[in-house]
Amino acid sequence: MGSDITLTAEDGHVLGAYRADPEGSPSGGIIVLQEIFGVNDHIREVCDSFASDGFAVIAPALYDRSSSRNCRLAYTPQDIELGRRLREEFSWEDTMKDVKSAANILRGEGPKVGTVGYCWGGTISYLSATRLQIDAAVVYYGGQIMPYVHETENCPLLMHFGRQDTGIPLSDVEQIQKRHPEATVHLYEAGHGFNCDRRGSFEAESARLARGRTLTFFRAQLG
């Protein structure tokens, strides 16, 4: 359904991206923000799925600022370690520039624009809500929100967390919800990465429920 495209950030950085479009006019634009594994097959499938539901979708290749351009990792221990190392090479500021480049493309075509991010991308989606001008943001188990929890979102915010996520204490989720009382926060009987069917932590019912809530949210905010 999708294809590889090129984006240019405001500082001149050129990065790759995956784009998927619906058959008819889009209901809105969605930026899909990767886990630490790059714009891999799973993220591309997520994009295709949102496109099949009527949205224009772009997943920017956020690792293209590193030496690992076109990075598409699997879920082996070795790739997890590499993904963590690549994640540490980035500044949030540069990442915001890359997300903004995707938002500019989608907004230039007319629709409202939202972000949805998973794991590392969940934190990026949160920061997109507080630092960029977007219309809606969805966060799946963003584990690095706490240092920025006092930032104020500029758009409606939906968040998904797992009760058994050993990397995100429930006390953190409580603080996030307290600081963002207008946000909708859901907890699931699942661990970290429960949305990804390529991971051992995949939890099918939680993934189904979270995706349904996400679609309802995007249709309300972007349609």
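Pick from region 132-150 the residues that are out of contact with any Asp or Glu (no Cβ under 8 Å at 6 or more places or on another chain) and of a type in the set (A, V, I, L, M): which of them is nearest to E35 (Cα to Cα)? Once the filter is applied, the top-ranked residue is V139. For region 24-35, the count of residues that are at pLDDT 95 or above, closer than 17 Å to G223 by Cα, more than 15 Å from the chain's Cα centre (by Cα) and part of a helix (DSSP H, G or I) is zero. Out of all the residues in region 136-143, is one or more farther than 17 Å from D172 by Cα, of a type outside the set (V, I, T) and touching a strand residue (DSSP E or B) at 6+ places or on another chain (Cβ under 9 Å)? For region 136-143, residues farther than 17 Å from D172 by Cα, of a type outside the set (V, I, T) and touching a strand residue (DSSP E or B) at 6+ places or on another chain (Cβ under 9 Å): present. So is G193 of a type in the set (G, A, S), part of a loop (DSSP other than H, G, I, E, B) and surrounded by fewer than 14 Cβ atoms within 10 Å (Cβ to Cβ) or not? Judged against the criteria, G193 is not a match.
Considering region 54-88, and only residues there that are charged (D, E, K, R) and either within 15 Å of the chain's Cα centre (by Cα) or surrounded by fewer than 17 Cβ atoms within 10 Å (Cβ to Cβ) (or both), the residue that is modelled with the highest pLDDT turns out to be E81.
The values are calculated or read from the model by the stated rules, or taken from the named source; none is laboratory data. Note that the structure is predicted; figures quoted are calculated from it, not measured. Cβ coordinates were reconstructed from backbone atoms using ideal geometry, including for glycine residues, and neighbour counts include every protein chain displayed.
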